[in-house]
1. Picking from Ala220, Ala271, which residue would you name as being out of contact with any strand residue (DSSP E or B) (no Cβ under 9 Å at 6 or more places or on another chain), among the hydrophobic types (A, V, I, L, M, F, W, C) and over 21 Å from Ser190 (Cβ atoms)?
2. Filter segment 189-202 for residues that are within 15 Å of Ser242 (Cβ to Cβ) and either under 20 Å from the mean Cα position of the chain (by Cα) or among the hydrophobic types (A, V, I, L, M, F, W, C) (or both) and give the result.
3. Within segment 45-61, how many residues are within 10 Å of Val16 (Cα to Cα) and surrounded by fewer than 20 Cβ atoms within 10 Å (Cβ to Cβ)?
4. Of the numbered conditions (1) in contact with a helix residue (DSSP H, G or I) (Cβ under 8 Å, 6 or more places away or on another chain); (2) at pLDDT 90 or above, Pro620 fails exactly one; give the number of that condition.
5. From the list Val115, Val84, pick out the single residue that is farther than 25 Å from Leu248 by Cβ, crowded, with 20+ Cβ neighbours inside 10 Å, in contact (Cβ under 8 Å) with a residue 12 or more places away in the chain and not assigned by TED's automatic domain parsing to the domain that holds Arg584.
6. Determine, yes or no, whether Val215 is β-branched (Val, Ile, Thr), farther than 17 Å from Ala117 by Cα and more than 20 Å from the chain's Cα centre (by Cα).
7. Conditions: (1) out of contact with any strand residue (DSSP E or B) (no Cβ under 6 Å at 6 or more places or on another chain); (2) more than 27 Å from Ser346 (Cβ to Cβ). Ala19 meets all but one. Number of the miss?
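The values are calculated or read from the model by the stated rules, or taken from the named source; none is laboratory data. Here the structure is a predicted model, which means the values were calculated and not measured. Note: ideal-geometry Cβ built from the backbone for every residue, glycine included; neighbour counts use all protein chains shown.
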Amino acid sequence: MLPPPVHTDCPERIAVNAAGDAAAFVIGPGRAGPGDATGLWHGPLDGQPARIDAVLPDTNLAFAPEGTRFALAVQEEAGSTVIVADPEQQPSAWPRHPLPAFAEQVAWTKAGLIVLAADPGADAASLTSGKPLPGADQDPVVLPLAGGAGFRRLWRVDPDTGDAAPASPADLAVWEFAPMPGGGAIVVASDDPTEAGWYHSRLEQLDAAGGRQRVLLESAWQLSCPAVSPDGRVAACIEGWSSDRGLLAGEVRLLRLDQPGSAPAAVTLPADLDVTWLDWADGGRLWLAGWHHLGTAWGWAEPAADGDALALAGAPAQGRLTVQAESASCLNSRWHPSVVPLADGSALTMRSTPADPPQVVRLRRDGEPAAWTALNAGLAQARRLRVRELRWAGPDGTPIEGLLAEPDDGGAGPRPLVVDIHGGPSLAFHHSWDMTWAELLTAAGYTVLMPNPRGGAGRGQAFGRANLGDPAGAEFADIEAGVAHCAEAGLADPGRVAAIGASYGGYLTAWAIALGGQFRCGVVIAGISDLVSVRGTANNAPFYDYLLQGRPADQPARYLDRSPVTRLSAASSPALILHGREDRCVPVSQAEELYAGLREFGIPAELVCYPREGHQAIEPAHVADQRERIVRWLATHLGAADLEAADLEATL
């Protein structure tokens, strides 16, 4: 078997205390399982952080309004444990409070803790496994008329006693929240508690007792990241198109809370910036971060009148925008850019590039990032791939960008090419250390193209919505043009091209192998094969309504025409199909349909289903199995790149 992936310590969920002189963060287990650094870290910003416990929270970290304590929560079999950590005490002395729901977000206000938690049986997004949360066993399983998912709701929890009580309406599904000064909250919410309900959520204001106060914003698109100015007079959120909950990258909307019914104002942004995160700081400064071309960007909007957040929400808005672009990933989670503001105008984030492994750094406007952590020693020197930016034109002249990873072994090209197609589609490849398939495949001798076709993030909303109504159309042509560009530049062997992709990337990979042509084989991971059946069985049906601009009854020809299973023929290419048995975002039946269709035409295909897994493989043994199967499949159907078959065991 292949060795496990190189272990990388990725700090995330960074939080800073109220005094601004210390911070905490989490290092997760990684794809190969826990490492020595896995757990909870804390330290002074003018010194070095240290690991203080092995606990792995399922929420953010939330510091108290004063002092050293911070809150977090861990999901367990029947609910959660809310933990009040104190770096000045031993972990055994930390208070632990049970909560009969699955905690996902925590805030610490002057009145105590507010916890967003999902009821047993609630749906889960693709980014968090796509498996429903545990619930009461039923035999038989009966879905009520209103749907079978549990609600997400707010809870008030006393950090000292653990007393807990619901703090939002029982019939309101709360997806995100921001506490308001003096009580109450701004929430992204819907009436439908299923994952499908998130696509039609709205921005609401709840009063201090947890009751509905008013609807602030309804949108034809999606909403995320609510935030409230320190004076409580302006609310902000992000509005835009997103394929998945947790991936929204869009535009900033501001709403005056002191003028009910006022129209939302917009922060004027660069056309090529998609905002993924925002938060207010003292003085009326609204911090933001997002995707920007092949990197990320961060900065702030501030009112022209010092300290008055209302100036930003005026008509017209009166403010100044400061944005710093980075040819790097600046993240506080795996999925979207964000930073943690500090009082002096700097910010903390987890930063990485293809050549620089993750560190918590301090970002300064027009300055070099300064590392706070000293993680991942020796990894940069051991990496054996090099990454360059590529640019080419789509068939209609649209500028397209991507990254190309090549083995850093001094070998000559052109090499066989594997096209890694990103998921979402509301995602994008960017300069980052995390290059899962590129690292594996360049070690096996392949060149890897990571294209960002139209429909992805980092180029503005028009570009991000350019594939709606046209799945596998112009976006796939953009990918084909990228392959042609690599061949013409002598970077790839045009006779040996394969595709690999997960989720929506799996859909486009299934499309590629169904058509055959230049793609000699493919690896389809959690991919869509039948747009009609997936819409009826997945937990996110509205995604397909946006993507195809209607239900199957509205667009029957489009649903059939753009389904890979309807394009299978004797000319299709072989496929390795990998799928989690418990996936509710893209049910395993999609893999079974593709496998059966390929076999019917006599096309080589292998279907591997992983028990207990959802939309991503998590268990280290399953991760290792996927890696080995992928390398062997490509060696068989594309040709081992510069390797003899016996050498595959030594790859990596």
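1. Numbers: Ala220 fails: over 21 Å from Ser190 (Cβ atoms).
Within the list Ala220, Ala271, the selection yields Ala271.
2. Glu195, Ala196, Gly197, Trp198, Tyr199, His200, Ser201
3. Within segment 45-61, the subset within 10 Å of Val16 (Cα to Cα) is 45, 61.
Imposing the further condition that a residue be surrounded by fewer than 20 Cβ atoms within 10 Å (Cβ to Cβ) reduces the set to 45.
Total satisfying the criteria: 1.
4. (1)
5. Values: Val115 fails: farther than 25 Å from Leu248 by Cβ.
Answer to the selection: Val84.
6. Details: β-branched (Val, Ile, Thr): yes; farther than 17 Å from Ala117 by Cα: yes; more than 20 Å from the chain's Cα centre (by Cα): yes.
Answer is yes for this residue.
7. Tallying (1) out of contact with any strand residue (DSSP E or B) (no Cβ under 6 Å at 6 or more places or on another chain); (2) more than 27 Å from Ser346 (Cβ to Cβ), Ala19 fails exactly one: (2).
Residues are listed down the side, and each one gets a yes or a no for (1) among the acidic types (Asp, Glu); (2) in a strand (DSSP E or B); (3) more than 15 Å from the chain's Cα centre (by Cα):
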position: Leu417; (1), (2), (3): no, yes, yes
position: Ala428; (1), (2), (3): no, no, no
position: Leu440; (1), (2), (3): no, no, yes
position: Met450; (1), (2), (3): no, yes, yes
